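These notes are about the structure you will find just below.
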Amino acid sequence: MNLGKPHLEDLFNKQIRFQIPVFQRHYVWNEKDQWQPLWDDFRNKLNERNNKNKNHPHYTGSIVLFQESTTTSTVATYNVIDGQQRLTTFQLFITAFREICRKHVGDDNLLNDLNKLLFNDKVYGQTDYDNQKHKLEPTKFNNEEFKLILDNTYDKVEERLISPILEEYGIGWKTYRDVAKKRYRMLAAFLFFYEKLEELLEESTEPMEAIIPKLLLTLKRDFQFVEINLDQNDDPQMIFETMNGRGASLTETDLIRNYIFMRADRSQVDLDSVYEQYWDEFDDASAEFKWHEQTSRGRYYETHLQFFVIDYLTLKMRNDIRYDQVFYHYKFFIVNNDSFTTVEEELKELNRFSSIYKSILKPNPETVFGRFCSRLRDMGISTIYPLILAIQGHSKIPLQEKIGMFTALDSYITRRFLCGYTTKNYNKVFLDFIKQVDTCKTAEKFIEYIKSKTGDTNLWPTDTILREKLKERPLYREEKNRTRSISNILLEIEKFRRGKKQEKIEFVNEGLTIEHVLPQMWYEHWPLEGNLIPQSEFDIAVHAVMTEEDQNGYYHKIVNRNNKLHSLGNLTLLTTSLNPSVSNSSFDIKQKELAKQSTLLLNTYFIEFENWDESTIEKRTELLIDDIIKIWKY
């Protein structure tokens, strides 16, 4: 390991190539956190020069390099282990300054001086100059944008990257430049420094021939780096982890990716090929599945990629994985696992399970597996994902057995939800089930094991338990934060009732509304034993019932109706919600509105009734329970 402290001029003003490995993350620096602080540092150093203070170079940060083996005919090439964001930003800063100089000075010597910090000279006998021209070589995701900016004038960059956006539908003069900046991160950095330099020149009272040299010297000589050059005996991964503080500036999956590919690089594999085949999709923002899209699980908010790796490690390690120690657990898993003889095998396995994970989040509604996964999404249950990976990814379990297992799990989760059993310990429950997958390779044995559980945290409700729990349960009130789960179940009943003879209409659980047939504000138009209830009596009933001894007394009847109206038998689905005044109207008015939504068979049920009260709700609850028992068999 060799250490140096070069200024920016020393770092770039020589024949050299800084190559960012294919597995390094994209350019992610932004105005608030990095560009503006860097600009503030630049202004401070410029003020020191203007005030003729004793000038000390500003420490800009470290870069870690590992020299590639090269022949005498090529430019010295260094892989950037750490510091690629910093190097990229300075290259864009230099380019912005070059274009400012082109606009305000136009001196060829000055432009050539700046280009020497961006481009290598072509030497005699060099046949691949185009590939070695740029001092910095970004990853493929940023390469085209980066080189277009460096290789062209400001006007050409405007023409190629900014102006075309104005022609897009819905984008006007006020917003098109902001859209361009959001779309192209490197362009945004380039424009940031260009505009800041322009503002500085407008504010300055000095002539161009005085201020431009000061800006040039400030940029070239007042920023200093710590350059760490590794040799063959150094471990790049260990140094990288130490300098990045295990996730302080990089995500857990950034660290995992670097850990995988630094080991791959040492094993002399074709890095580009392996990356393209097994990891490229994870980093590609244009890929169909958005791995870096943020999503939530409980109180955690992470990317799909991070949640996938957590589920994968949960499966492999048979243990809960802390969300803030994903990289640590992955490294521990690899170091203590002898099932992978090569990094490529490790990546192949990770990639195989990622395909299953995508099928969970983007389910096919035509399959048993897809419908099960859709219901899990609607219910917000993700702790089962490692178990799904275990079953679906098991090569020795036949397809029909897997279908049987997923059918059982669908019933297990749906029945528990309907009965109101807790989901708090599902992570432990499903970890226990994972451990049985290897021994229970048939649906029959797997079902037998699930049925053996008898505690409230893991019980699979029987038909008897389901009926007892559900017929009296105010489902909507107790699950008011999970109404999407209720609508999913009602929709499944709708599909079941349609059968094969009915016209096939594909309903999805989007835009549907759960409607209380007996409304929640029923006292206005729905008599109780022939009499309307004053609102004041309706409001105090929940308290008054505590002092009313008669179980069939006045307030008990009000509270009983309030409970019944939230039970399953009083709930239906609407494709469009009713006007509130109609929703709270009497049954004869509401019945006509429900009839208009007879696309759903659930609503044709109400057409034949003259009255709707507690007894009709109880009857419908029993009928719906009969359907549930047939759909989600025990």
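The values are calculated or read from the model by the stated rules, or taken from the named source; none is laboratory data. Here the structure is a predicted model, which is why all the values come from computation and not from measurement. Don't worry about glycine lacking a Cβ; one is built from the backbone with ideal geometry, like all the others, and counts go over all protein chains shown. Please note that ligands, DNA and RNA were not included when accessible areas were found on the heavy atoms of the full protein model with its side chains. Shrake-Rupley method; radii C 1.70, N 1.55, O 1.52, S 1.80 Å.
So which residues in segment 1-28 are closer than 23 Å to P138 by Cβ and open to solvent by 40 Å² or more (accessible area, probe 1.4 Å)? Once the filter is applied, which keeps residues that are closer than 23 Å to P138 by Cβ and open to solvent by 40 Å² or more (accessible area, probe 1.4 Å), segment 1-28 yields H7, D10, N13, K14, Q15, Q19, R25, H26, V28. Cβ-Cβ contacts under 7 Å between residues 6 or more apart (or on different chains), taken from a first residue in segment 523-537 that is free of Cβ contacts under 8 Å to residues at least 60 places away in the same chain to a second residue that is open to solvent by 70 Å² or more (accessible area, probe 1.4 Å) and assigned to a helix (DSSP H, G or I), are listed as Y523/Q535.
Here's the yes/no breakdown for (1) touching a helix residue (DSSP H, G or I) at 6+ places or on another chain (Cβ under 7 Å); (2) touching a residue at least 40 places away in the same chain (Cβ under 8 Å):
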| residue | (1), (2) |
| --- | --- |
| N2 | no, yes |
| K5 | no, yes |
| L8 | yes, yes |
| I16 | no, yes |
| I20 | yes, yes |
| R25 | yes, yes |
| D33 | no, no |
| N47 | no, no |
| K54 | no, no |
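If you go through segment 355-386 and keep only what is among the hydroxyl-bearing types (S, T, Y), part of a helix (DSSP H, G or I) and open to solvent by 30 Å² or more (accessible area, probe 1.4 Å), you end up with S355, S359. Which pairs do you get when a residue that is within 10 Å of L46 (Cα to Cα), found in segment 216-227, comes within reach of a residue that is open to solvent by 20 Å² or more (accessible area, probe 1.4 Å) and outside any helix (DSSP H, G or I), reach meaning Cβ atoms under 9 angstrom, with the pair 6+ apart or on two chains? Sorted first by the residue in segment 216-227, then by its partner, the pairs are D222/H7; D222/N55; D222/H56; D222/P57; D222/H58.
Per the listing D550, D539, the residue uniquely among the acidic types (D, E), surrounded by fewer than 20 Cβ atoms within 10 Å (Cβ to Cβ) and assigned to a loop (DSSP other than H, G, I, E, B) is D550.
Looking only at segment 609-632, decide whether some residue is over 23 Å from F496 (Cβ atoms), touching a residue at least 24 places away in the same chain (Cβ under 8 Å) and open to solvent by 70 Å² or more (accessible area, probe 1.4 Å). Within segment 609-632 (the criterion being over 23 Å from F496 (Cβ atoms), touching a residue at least 24 places away in the same chain (Cβ under 8 Å) and open to solvent by 70 Å² or more (accessible area, probe 1.4 Å)), the answer is yes, since at least one residue qualifies.
Taking segment 282-299 as the range and being without any contact (Cβ under 8 Å) to a residue 60 or more places away in the chain and either loosely packed, with under 12 Cβ neighbours inside 10 Å or not aromatic (F, W, Y) (or both) as the test, the residues that pass are S286, A287, E288, K290, H292, E293, Q294, T295, S296, G298, R299. Applying a threshold of 6 Å to beta carbon distances and a minimum spacing of six or more residues, or different chains, the list of pairs starting in segment 129-148 at a residue that is under 10 Å from I20 (Cβ atoms) and assigned to a strand (DSSP E or B) and ending at one that is open to solvent by 40 Å² or more (accessible area, probe 1.4 Å) and not β-branched (V, I, T) reads E137/Q19. Residue count for segment 453-483 under the criterion of being among the hydroxyl-bearing types (S, T, Y), surrounded by 14 or more Cβ atoms within 10 Å (Cβ to Cβ) and assigned to a loop (DSSP other than H, G, I, E, B): the result is 1. Within this structure, L389 passes the test of being crowded, with 17+ Cβ neighbours inside 10 Å and under 26 Å from A287 (Cα atoms).
Residue by residue, here is whether (1) of a type in the set (S, T, N, Q); (2) in contact with a Leu (Cβ under 6 Å, 6 or more places away or on another chain); (3) modelled with pLDDT of 90 or more holds:
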residue: T253; (1), (2), (3): yes, yes, yes
residue: S296; (1), (2), (3): yes, no, yes
residue: I310; (1), (2), (3): no, no, yes
residue: R318; (1), (2), (3): no, no, yes
residue: Q325; (1), (2), (3): yes, no, yes
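Would you check which residues across segment 592-634 are in a helix (DSSP H, G or I) and among the basic types (K, R) and list them? Correct list: K592, K596, K619, R620, K630. In segment 428-477, the residue that is farthest from R322 (Cα to Cα) out of those that are free of Cβ contacts under 8 Å to residues at least 12 places away in the same chain and small (G, A, S) is S452.
Considering the conditions (1) under 29 Å from K495 (Cα atoms); (2) in contact (Cβ under 8 Å) with a residue 60 or more places away in the chain; (3) not β-branched (V, I, T), D588 is excluded by exactly one of them, (2).
When the residues of segment 188-223 are filtered to those that are surrounded by fewer than 19 Cβ atoms within 10 Å (Cβ to Cβ) and of a type in the set (S, T, N, Q), the one that is nearest to the chain's Cα centre (by Cα) is S204. For the condition open to solvent by less than 50 Å² (accessible area, probe 1.4 Å), within 21 Å of P461 (Cβ to Cβ) and not aromatic (F, W, Y), L409 qualifies. Restricting attention to segment 396-406 and to residues that are among the hydrophobic types (A, V, I, L, M, F, W, C) and part of a helix (DSSP H, G or I), the residue that is surrounded by the most Cβ atoms within 10 Å (Cβ to Cβ) turns out to be M405.
Conditions (1) of a type outside the set (G, A, S); (2) in contact with a Phe, Trp or Tyr (Cβ under 9 Å, 6 or more places away or on another chain); (3) open to solvent by less than 10 Å² (accessible area, probe 1.4 Å), marked per residue:
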position: E48; (1), (2), (3): yes, no, no
position: K54; (1), (2), (3): yes, no, no
position: T60; (1), (2), (3): yes, yes, no
position: I63; (1), (2), (3): yes, yes, yes
position: E68; (1), (2), (3): yes, yes, no
position: Y78; (1), (2), (3): yes, yes, no
position: F93; (1), (2), (3): yes, yes, yes
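Number of residues in segment 29-51 that are modelled with pLDDT under 90 and in a loop (DSSP other than H, G, I, E, B): the value is 1.
Among the residues of segment 567-579, are any part of a helix (DSSP H, G or I) and over 20 Å from L466 (Cα atoms)? No.
Within segment 356-370, residues that are assigned by the TED database to the domain that holds W291 and small (G, A, S) sit with their Cβ atoms under 8 Å from residues that are open to solvent by 30 Å² or more (accessible area, probe 1.4 Å) and part of a loop (DSSP other than H, G, I, E, B), at 6+ positions apart or across chains, in these pairs: G370/N364.
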